[in-house]
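Inspection log for the structure reproduced underneath, given as structure tokens.
FYI, it's all coordinate maths here, none of it is from the lab. Here the structure is a predicted model, which means the values were calculated and not measured. Glycine also receives a Cβ, built like all others from the backbone with ideal geometry; neighbour counts cover every protein chain displayed.
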Amino acid sequence: MQRTVKIARSVGGLEQLFNFLEQELSGEQVDEKTAFCVNLAAEELFTNLVRHNEGGADSIVAGLEISPRQIELQFVDRDVEPFDPESVPEVDINEPLETRRPGGLGVHLVRSIVDRLSYSYDNRELTVSVIKKRN
């Protein structure tokens with residue numbers, strides 16, 4: 001069963017997001033490494049939604065579904081323009097800093113710590129989901 005929470009569209013909403021995740025993950029006895037990855041992905045994705053999405057409702061809905069095999073984290077952002085995180089090009093982390101273009105590191109980080117990143121957009125509603133397999 002997916003549990004959800006509405007979080008104010010601001011970086012200050014991170015505290016509420018982390019409290020929600022801590023409560024849900026600890027109640028399901030999620031191991032420390034998996035919980036760390038879910039929290040880091042949540043922070044990166046939520047912060048990107050707040051900072052980069054055009055328009056937007058007053059809140060973003062975070063959802064969490066925990067099963068014995070995996071954890072699915074989902075964000076629903078309403079009244080925004082489309083943005084597909086999968087369209088962000090891969091970052092060459094070996095490229096010298098002087099020649100790198102800003103941006104994309106957060107999405108790169110999320111891709112590297114989760115098992116799946118997906119996106120959908122319909123009727124000005126953006127949904128970003130990640131799946132992290134449990135250890």
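Quick look at the numbers
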read-out	value
For residue 30: the one exception among (1) surrounded by 16 or more Cβ atoms within 10 Å (Cβ to Cβ); (2) part of a helix (DSSP H, G or I)	(2)
Matching residues in region 118-130 - criterion: being surrounded by fewer than 18 Cβ atoms within 10 Å (Cβ to Cβ) and not hydroxyl-bearing (Ser, Thr, Tyr)	122, 123, 124, 125
Filter result for residue 64 (under 19 Å from residue 114 (Cα atoms) and either in a helix (DSSP H, G or I) or of a type in the set (S, T, N, Q) (or both))	no
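Yes or no, residue by residue, for (1) hydrophobic (A, V, I, L, M, F, W, C); (2) under 19 Å from residue 128 (Cβ atoms); (3) assigned to a loop (DSSP other than H, G, I, E, B):
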| residue | (1), (2), (3) |
| --- | --- |
| 7 | yes, yes, no |
| 12 | no, no, no |
| 15 | no, no, no |
| 19 | no, no, no |
| 26 | no, no, no |
| 47 | no, yes, no |
